[in-house]
Structures are given as C-alpha cells and as structure tokens.
Amino acid sequence: MNDKILKESIHRYTVWIKHHRAEFEEARAERAERKAFFQSWTCDRLLAMDEDAYLEFMSKLWALRMWGNKPHIVNYIIERNGMDTLRSELAELVWGTAPVADRWDRCRANVKNMGPAQMSEILCHVHPDDCLLWNKRVYNGLVALGVEDVPRHDYQQTGARYAKLCEVGQQICDALVEAGLRDADLLTVDYFIWQGLEGKDVHPFGKHATQPPKETLDEAPPEQAEFIHNDIRDKVRDIGEWLGFHGEIEKKVADGSQVDTVWEATIGNMGRVIYVFEVQTKGSLDSLILNLLKSLNNPAVQGVVAVSDEPQIEKIKKHAAAVKGLADKLVCWDYEDVLQVHESLQHVNESINKLGLVPDGF
C-alpha cells in the first residue's frame, strides 16, 4: 500500500468532514443503526428465521441495491438453497468459531447465489472491528491505494484472500484513528473509501492502468475451474434478468440437453423465445457441442452461446464448423466480457434503483 496516497486521502477526508459535519454525523448515525440491526441477529435468531425473516434480513443489504425487486432475488436464493441450508450456513458464517477464512470458504461452497459482497457486508456489520466490507468500490479504492494482489472478480475472492484484505482494512483503520477518527472501525473504512478516495483515477467498473493478465481457464485446478464455471454461469443469468428476460440455470430445454443458463421471454400469446448458454472452463469440448446441438431440437431456442476464454473459443468454433445445424446458430462470448458486462449492468441498476422510482414491495 502506498502510504503517501493513503495519508493524502485521509487528509482530504478529514477536511471534507470539517466542511460537511452534518453529513458526516448522519453517516455515523447510519453506521450505528446498521450495526445494531445486524448484530441483533444472534446465532439462535438466525437458526430460527423463516422465509419472511430471511427477506427482512437480506433486504437490508447494500449488496442487493442492484435488484429493484428484492423479494424476487431473495426468493430465488431460498429456492436454490432451501431455508435449512441458509439458516445453518448463515449462522456458521456469522457466529462460527473457525477462522474467518474457513467460514468464508464453507459458505461459498455450500450456499448458491451468495457472493462476496453480501457475505462481507454481513460480516462487517456484525464484526466491524475485524471484517472488511468488500465490493467493487472497495476494490477500486484499494487499487488506487496501491494495494497488490487485489482480487478483481468474485471467483478470485477466497477465504484466505479475504482474511488478507481484512488485515489491509485494519491498517487503513489504524491510520484513520491516528488522524483523529477515534471511533473508526472497518465499516468506517468503507465510508472513507467512498468519500476520501472519490475522484481518484479509477474506472467505476474496475478498470485500472495496471490490469492483471487474463487467466487461462483450462489451466485452473479442477475445484477452481468448477467454481469459476458456476460464477460465470450465474452472472450470465443475472445479465439476462437485468435485460428483462426470465433467467434460469441448469435448465432442461430438450431431451438429453440440460444447459447452464437460459434466457427466456414470452411474446404475447405467441409462445416463448429461448437463448441457451453453455460455459466451458476446461475439459473436452464434445459434451458442450453435443449439448448445444441437442438444445436446438427445441423450436423455441433461437440462439446458442458458448462462453469461454479466447483459446477455447477458437477451438469451439473449429469443432462447431463441422457440425451441421450448429455452425450457423452458434455464437461465442468471452468470459472476460461477461464479467465486464455484469459489472456495468450492476452499476447501472444500482444507480437507477437509488432513485427510488419504484418503492420496495411494489
């Protein structure tokens, strides 16, 4: 971390506080209110929560601001996991006795559609002295501060890396305390990043002058490859939802063809239009080609998309070129572009939803 940039940013923040005391006090009161809310969910209370309580708990998260219809996404999470799993895993994540890195990895492995932003926000509000809130703006802020090895994408955020980032957050917190913010904690660090680093030369969607090289998916270890596969699959679904489609994952669309993601739209009383997506991280391409070809047996399927990295996309195109009925239907999508589109649409939806044009529960 670049100490000079950190000191300059903290100085800029303290000057802002002096000239915006009322706004600062309002933010401090908001922090206190949010911590009190999440800390009131004891282990026993989490283990006893029903679907309505889970909706109340999750709807409070900033990480769900991208979803205008919060009950829709929360009900989707419940449907994918079941309340028994959500209760037990949430209680273990928040109140378990294992190191935070282990609790993080366990939750990521066992709970579908709960990403780093949601998990870290819960941890930070309940344990603000130890746990850092993680989201795209915090990523940008740490990059601007010169922190190295900052995970850009969700699938890169392991428990070990999160624990390391919490240590970085603690260093920033200590510097804030030294600068006079005596009650600072790691939730204060999040507010500082939002205000104190505003205007730094960082792209709002995570671009920076120094970009890590693209990862080659087929070189990833099997467990990581599966994790990357599922993360990309779920983000393709999210993109479809934000574009107005009904998105589903692991969907059977034809005999012998269960695909990773589908976007579906109903056109009046005329029927359905379906777009099919298969994500390839590593391994044989034969099953991907066959699955996409079988999916075209469903007349509602209007297009099929293979999602992978550049080297494998070239191989997929060569394989598909010789397959009658598939070559003229197949479209390929680089997984880096998928992640970028997801970040961009997330930013758009968060911005629009903050306007409050449609009230919650509409």
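At-a-glance table
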item: Residue count for the stretch 267-315, restricted to those that are aliphatic (A, V, I, L, M), exposed (fewer than 14 other Cβ atoms within 10 Å of the Cβ) and part of a helix (DSSP H, G or I); result: 0
item: Selected residue (criterion: surrounded by the fewest Cβ atoms within 10 Å (Cβ to Cβ)) from residues of the stretch 248-266 that are without any contact (Cβ under 8 Å) to a residue 24 or more places away in the chain and of a type in the set (A, V, I, L, M); result: Ala265
item: Every residue from the stretch 119-136 that is in a helix (DSSP H, G or I) and surrounded by 21 or more Cβ atoms within 10 Å (Cβ to Cβ); result: Met119, Ser120, Glu121, Ile122, Leu123, Cys124, His125
item: Qualifying residue in the stretch 229-242 (condition: under 30 Å from Gly159 (Cα atoms), surrounded by fewer than 17 Cβ atoms within 10 Å (Cβ to Cβ) and in contact (Cβ under 8 Å) with a residue 24 or more places away in the chain); result: no
item: Given (1) more than 13 Å from Val138 (Cβ to Cβ); (2) of a type outside the set (Ser, Thr, Tyr); (3) at pLDDT 95 or above, index of the condition Gly169 fails; result: (1)
item: Enumeration of residues in the stretch 245-262 that are within 22 Å of Gly115 (Cβ to Cβ) and of a type outside the set (A, V, I, L, M); result: Phe245, His246, Gly247, Glu248, Glu250, Lys251, Asp260, Thr261
item: Yes/no for Ile352 being closer than 30 Å to Glu56 by Cα, surrounded by 16 or more Cβ atoms within 10 Å (Cβ to Cβ) and not basic (Lys, Arg); result: no
item: Per-region count, the stretch 244-265, residues closer than 14 Å to Pro299 by Cα and not aliphatic (A, V, I, L, M); result: 4
item: Residue list for the stretch 184-198, filter: of a type outside the set (A, V, I, L, M), modelled with pLDDT of 90 or more and either assigned to a helix (DSSP H, G or I) or within 14 Å of Thr14 (Cβ to Cβ) (or both); result: Thr188, Asp190, Tyr191, Phe192
item: Residue count, the stretch 316-348 (criterion: part of a helix (DSSP H, G or I), surrounded by 15 or more Cβ atoms within 10 Å (Cβ to Cβ) and basic (Lys, Arg)); result: 0
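Table: residues versus (1) small (Gly, Ala, Ser); (2) more than 18 Å from the chain's Cα centre (by Cα); (3) surrounded by fewer than 18 Cβ atoms within 10 Å (Cβ to Cβ).
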residue	(1), (2), (3)
Ser59	yes, no, yes
Leu64	no, no, no
His72	no, no, yes
Asp84	no, yes, yes
Ser88	yes, yes, yes
Ala91	yes, yes, no
Thr97	no, yes, yes
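The values are calculated or read from the model by the stated rules, or taken from the named source; none is laboratory data. These numbers were taken from a predicted model, which means no experiment stands behind them. All Cβ positions, glycine included, derive from the backbone under ideal geometry; neighbour counts span all protein chains shown.
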